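Step one of this worksheet: look at the structure below.
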Amino acid sequence: MVTGATSGIGKATANKLAALEYHLIITGRRKERLQELQSQLEDKYNCKVIALVFDIRDNKQTEKALGMLEDKWKNIDILVNNAGLAAGADPIQEGLWSDWEQMIDTNVKGLLFLSKQVIPHMIKQQKGHIINISSIAGKEVYAGGNVYCASKHAVDAITKGMRIDLLKHNIKVTSISPGMVETEFSLVRYHGDKEKADKVYKGLTPLFAEDIADTIEFVVTRPPHVNINDILVMPTAQASAVYNHREG
Ligand code: NDP
Ligand code: 8X3
C-alpha cells in the first residue's frame, strides 16, 4: 500500500513497486489521477492495482475505504506512509491555524490512524514492513519550518516507537528522510504560488521522486533478517536543511 500516490514520491514509488510485480493498493484524494495510474500500472506491469480514494485526515473515510478491501488484500506486506505536506512557511507568530491543523492532521494523525488499521493484519501474519516518509525537516528545524518540522520530528519518533513495539512481531520499520525533492510539494506549500515554488529549486539540481523510489526499492529488497532503520537522502547540492549550493 502506497499512500499519496497521485503525485510525486508516492506515484514514483507505485511505479517502482509495480515494476517489481507487487500487487498494489494506491491511495489519495484525487480520484481521476488515481484511476489513471491504476490503469497505467495494470497495462504496463504484471500486477493488480486497487485505488482507494479517501482523505487521510478523516478517520471515518479511512476506516470505510480499508474496510471495503477483500480479506486477502487486508494482509498488506509493505505500507509506505507517504501522504503528507507542508502548508505555509511563515514564522510562528504569523502562521495560519488552518495550515497547522492540515499538517498535523495529515502528517501525524493520518499516518497514525492508517497504520493502526494495517498493523493488526501484519501482526496476524507475523511479518510486514512499514516505511514512513519523514524528511530532513524531521532531523533539523529551519526558519519558517516550525510546525512542518514538528510534524516530521513526530514521524521520526513514531517510527522509532513502532520499531520497538513491533519488534516481537517480526515487522520491519524504516524511516526515509529526503532533502529537497522536486514534486508538487512546494506548489502545495505555497498555496499554488508557482513563482515561489519554482524558486525553491532554482540554481541547483534537487532530488527527483524516482530517487526516493529507488531508495524504497533498496529497502524492500533486503533479505528477511536485514532492516534499514533510517536513511537520509539529500541532493548533492544540499548539505543540510539550510546550506545549499546554487549556481548563478
Ligand atoms: P506531492 O505534493 O507531490 O504529493 C503528496 C501526496 O500526498 C499526494 O499524492 C497527495 O494526494 C497526498 N496527500 C496530501 N494530503 C492528503 C490527504 N489529506 N489525504 C490523502 N492524501 C493526501 O509531494 P511529495 O511527493 O514531495 O510528498 C510526499 C511525502 O514526502 C510527504 O510526506 C512530504 O512531507 C515528504 N517529503 C517531501 C520532500 C520534498 O522536498 N518534496 C522532502 C522530504 C519529505 P491528494 O492530493 O490526491 O490527496
Ligand atoms: C521537505 C524538505 O526542507 O523543504 O520535507 O522542508 S524541506
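Overview of results
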read-out	value
Top-ranked residue of segment 52-65 - restricted to ones that are open to solvent by less than 30 Å² (accessible area, probe 1.4 Å) and hydrophobic (A, V, I, L, M, F, W, C), ranked as farthest from GLY4 (Cα to Cα)	ALA65
Tally, over segment 206-227, of residues that are more than 16 Å from the chain's Cα centre (by Cα) and closer than 20 Å to ALA137 by Cβ	1
Meets criteria (under 19 Å from the mean Cα position of the chain (by Cα) and closer than 16 Å to LEU112 by Cβ) for ILE78	no
Test: residue in segment 7-23 that is more than 16 Å from ligand 2 (Cβ to nearest atom), touching a Leu at 6+ places or on another chain (Cβ under 6 Å) and open to solvent by 10 Å² or more (accessible area, probe 1.4 Å)	no
Number of the exception - PHE113 against (1) under 12 Å from the mean Cα position of the chain (by Cα); (2) under 22 Å from ASN59 (Cα atoms); (3) within 12 Å of ligand 1 (Cβ to nearest atom)	(1)
TRP73, sole failed condition from (1) open to solvent by less than 30 Å² (accessible area, probe 1.4 Å); (2) in contact with a His (Cβ under 9 Å, 6 or more places away or on another chain)	(1)
Filter result for LYS196 (of a type in the set (D, E, K, R) and either modelled with pLDDT under 95 or surrounded by 13 or more Cβ atoms within 10 Å (Cβ to Cβ) (or both))	yes
Residue that is nearest to ligand 1 (Cβ to nearest atom) [pool: residues in segment 116-145 that are of a type in the set (S, T, N, Q) and either surrounded by fewer than 20 Cβ atoms within 10 Å (Cβ to Cβ) or closer than 30 Å to GLY67 by Cβ (or both)]	SER134
Sole residue being of a type in the set (Lys, Arg), surrounded by 14 or more Cβ atoms within 10 Å (Cβ to Cβ) and either free of Cβ contacts under 8 Å to residues at least 60 places away in the same chain or out of contact with any helix residue (DSSP H, G or I) (no Cβ under 9 Å at 6 or more places or on another chain) (or both), chosen from LYS109, LYS44	LYS109
Residue in segment 204-216 that is within 26 Å of GLU101 (Cβ to Cβ), open to solvent by 20 Å² or more (accessible area, probe 1.4 Å) and in a helix (DSSP H, G or I) present	no
Answer residue from segment 228-239, given it is open to solvent by less than 50 Å² (accessible area, probe 1.4 Å) and touching a Lys or Arg at 6+ places or on another chain (Cβ under 9 Å) and is nearest to ligand 1 (Cβ to nearest atom) among those	ALA237
Residues within segment 59-106 that are away from ligand 1 (no atom under 12 Å from the Cβ) and among the hydroxyl-bearing types (Ser, Thr, Tyr), tallied	1
Breaking point among (1) closer than 20 Å to VAL141 by Cα; (2) in a helix (DSSP H, G or I); (3) among the hydroxyl-bearing types (Ser, Thr, Tyr), for SER240	(2)
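Residues are listed down the side, and each one gets a yes or a no for (1) crowded, with 18+ Cβ neighbours inside 10 Å; (2) of a type in the set (Lys, Arg); (3) touching an Asp or Glu at 6+ places or on another chain (Cβ under 7 Å); (4) in a loop (DSSP other than H, G, I, E, B):
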| position | (1), (2), (3), (4) |
| --- | --- |
| TYR148 | yes, no, no, no |
| SER151 | yes, no, no, no |
| ASP156 | yes, no, no, no |
| GLY161 | no, no, no, no |
| ILE164 | no, no, no, no |
| LYS168 | no, yes, no, no |
| LYS172 | yes, yes, no, no |
| SER175 | yes, no, yes, no |
| SER186 | yes, no, no, no |
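The values are calculated or read from the model by the stated rules, or taken from the named source; none is laboratory data. Fair warning: this is a prediction, and the values are worked out from it, not measured in the lab. Here Cβ is always computed from backbone atoms with ideal geometry, including for glycine, and neighbour counts include all displayed protein chains. Only protein heavy atoms, including side chains, enter the accessible area calculation; ligands, DNA and RNA are left aside. Shrake-Rupley method; radii C 1.70, N 1.55, O 1.52, S 1.80 Å.
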